[in-house]
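Data first, discussion second: the structure below is written as structure tokens.
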Amino acid sequence: MSRPTFASLALCLLLPLSGCWLAASDEASLNRGGGGLGELILAGVTELSVPPQVQPGESFTVTVRGEHPDGCTTFERFETAYASTRIDLTAWSFRPLGDCDLPPSSFEAQTTLAALEPGLYTVRVNDRLEETVAVIGAGSGPPLCQESPQVTLGTVTLPPATHLLGGAELTVSGSLPSWCDQLLSPTIGVTGDVVQVEIAAEGCVLTAYDPAACPEGPQPFFQRIPLTFPAEGSWRVVINGQSFGTVEVVPTSSCRLSTLEVLSLEAPARVEEHTTFAVALEGALPSECAAVDTIAVDASSVTIVIDPVVRECSATCAPLQTSAPVRAETLVEGLPVGSWTLTVAGDPRTWPLEVVAAGTCAPVPLPAGSVEQVLITTDLAYVDALAGQPLDVSVYGSLPQGCWDPPSLFGEVSGSVLALRTESANCARDCNAAGMSFVASLAFPEGLAAGSYEVTVDGSTFTTLTVE
């Protein structure tokens, strides 16, 4: 397979210079700065993540995850194109020429988008996945939007039969009229045999918001609401004045309690001392009336035992042909510095956890010498018209062994210097004992003014960029 043609690429500053390539050529291979010949292919992105809302002047991170066709392929870089309120990202991978016997491998990559004007933007990657981000504008006058915007309810799921001490959870999805609005904590009350839930929102969450600059909705939401019941019986659930059915509360003796069949566990590999962190469980429910009841955590020794209990509180509960998947979370807190082990009750598997001193997990600049190459691209066809046009910057390098998060790249123009800054934390869930290569990207949607710029990364000069 020959690599795609990129006639839009006009500027390349890939260091060392022997690795520099112009995508406007039609060659079938490229020289990746000492990494050998290979070809660019579209990255197999399966997940896209953006923050739902940012403020003007605030940069934000776009994260993609996916799978490479083999273990020799690595993530290469992003290309960014802006069209009004749409941001198109193209994620590229680099596949070395020749056969590869290594199995497919997963990847995660990030790019940082610089500040945007107020509005509602669609971020789309590889013309497949898209998400929405709202840039909320700040105004100088008093807030004009509604104090209590209307909440539109969508799907409501009631918990199956439970007992008085059981963990019953109501899930609600819906929408708010504007991206300036924010849900408040739900209000729950009991009248007779009715559990009344009020879901309300607040408009103009920050008094500086200008509703004229607020993107119109609908803004979707999803909310989990724990329910408690004062007595056994049949309880009707009413949300915002609308009835959604009943929940049966039966004696504990009428329920079958068992341990959840855990398929996987997600937890950080490293956390700071005396902090609270989440442990997520993926499991399988045995029947249509089964639900996660409680999750007990015993951290009395160096082994943290998590005991997820499933309840089935119906005599007519039908077994499922195939187990129903469920995801549940619990919190662990207050651990001192040391090496710990996570385990699930009745499961022989263990997951290591390192508790480190406070401040260890804070984002820090990458170790000196981590960045090895810099690539700057523009979507223009000619170098002599770069001023004010969008630029994409990517840095390549390698990290030492550790639990590094994917590095982020930030940058600003200070006089005649394009100052780039890398940042990461050494507390990721997956650790690498042999070190790893990385690419971090940053987009400048407004480009640069004409002039000559010294390009620095973490204080070290890499090259000079001339913008005409």
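The values are calculated or read from the model by the stated rules, or taken from the named source; none is laboratory data. Predicted model, so just to flag it, every value in this text is computed and none were measured. Note: ideal-geometry Cβ built from the backbone for every residue, glycine included; neighbour counts use all protein chains shown. Ligands, DNA and RNA are stripped out before the accessible areas are found, and what is left, the full protein with its side chains, is counted by its heavy atoms. Shrake-Rupley method; radii C 1.70, N 1.55, O 1.52, S 1.80 Å.
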Which count do you get for residues in the range 409-436 that are under 17 Å from V64 (Cβ atoms) and open to solvent by 70 Å² or more (accessible area, probe 1.4 Å)?
1
Tell me the residue from P159, P177, P103, P143 that is touching a strand residue (DSSP E or B) at 6+ places or on another chain (Cβ under 7 Å), at pLDDT 85 or above and in a loop (DSSP other than H, G, I, E, B), please.
P159
Only strands (runs of 3 or more DSSP E) wholly contained in the range 305-405 count here; list those with 2 or more residues that are modelled with pLDDT under 90 and within 30 Å of Y453 (Cα to Cα).
371-378, 391-399
So which of E117, E108 is open to solvent by 30 Å² or more (accessible area, probe 1.4 Å) and touching a Lys or Arg at 6+ places or on another chain (Cβ under 7 Å)?
E108
Filter result (in contact with a Pro (Cβ under 7 Å, 6 or more places away or on another chain) and either within 12 Å of C317 (Cα to Cα) or surrounded by 19 or more Cβ atoms within 10 Å (Cβ to Cβ) (or both)) within the range 273-283
L281, G283
Provide a single number: the residues in the range 418-449 that are at pLDDT below 90 and hydroxyl-bearing (S, T, Y).
1
Checking the structure you have, find out if any residue of the range 414-428 is farther than 30 Å from P268 by Cα, touching a strand residue (DSSP E or B) at 6+ places or on another chain (Cβ under 6 Å), charged (D, E, K, R) and part of a strand (DSSP E or B).
no
In this structure, is L89 at pLDDT below 85 and assigned to a strand (DSSP E or B)?
no
Restricted to the range 74-89, and to residues that are of a type in the set (S, T, Y) and surrounded by fewer than 19 Cβ atoms within 10 Å (Cβ to Cβ), which residue is farthest from the chain's Cα centre (by Cα)?
S84
Which listed residue is within 23 Å of E423 (Cα to Cα), acidic (D, E) and at pLDDT 90 or above, from E67, E47, E58:
E47
Would you call P286 surrounded by 13 or more Cβ atoms within 10 Å (Cβ to Cβ), more than 23 Å from T228 (Cβ to Cβ) and more than 27 Å from the chain's Cα centre (by Cα)?
yes
Which residues, taken from the range 51-66, are part of a loop (DSSP other than H, G, I, E, B) and either over 9 Å from the mean Cα position of the chain (by Cα) or under 14 Å from F78 (Cβ atoms) (or both)?
P52, Q55, P56, G57, E58, S59
Search the range 449-468 for residues that are closer than 29 Å to S424 by Cα and in a loop (DSSP other than H, G, I, E, B) and pair each with any residue that is open to solvent by less than 30 Å² (accessible area, probe 1.4 Å) and at pLDDT 90 or above when their beta-carbon atoms are under 6 Å apart and the residues are at least 6 apart or on different chains.
D458/T422
Quick one: is G397 free of Cβ contacts under 8 Å to residues at least 40 places away in the same chain, touching a strand residue (DSSP E or B) at 6+ places or on another chain (Cβ under 9 Å) and under 23 Å from V64 (Cα atoms)?
no
Is it true that some residue in the range 159-171 is open to solvent by 20 Å² or more (accessible area, probe 1.4 Å) and under 24 Å from the mean Cα position of the chain (by Cα)?
yes
Of the numbered conditions (1) at pLDDT below 90; (2) in a loop (DSSP other than H, G, I, E, B), L120 fails exactly one; give the number of that condition.
(2)
How many residues does the range 235-271 hold that are at pLDDT 90 or above, on the phi < 0 side of the Ramachandran plot and open to solvent by less than 40 Å² (accessible area, probe 1.4 Å)?
13
Looking at the range 153-169, I want the residues that are closer than 19 Å to E329 by Cα and of a type in the set (D, E) and have a partner that is in a strand (DSSP E or B) and open to solvent by 20 Å² or more (accessible area, probe 1.4 Å) with Cβ atoms under 9 Å, at least 6 apart or on another chain. Which pairs are those?
E169/T157; E169/R224; E169/P226; E169/V292
Residue list for the range 189-206, filter: free of Cβ contacts under 8 Å to residues at least 40 places away in the same chain and assigned to a strand (DSSP E or B):
G189, T191
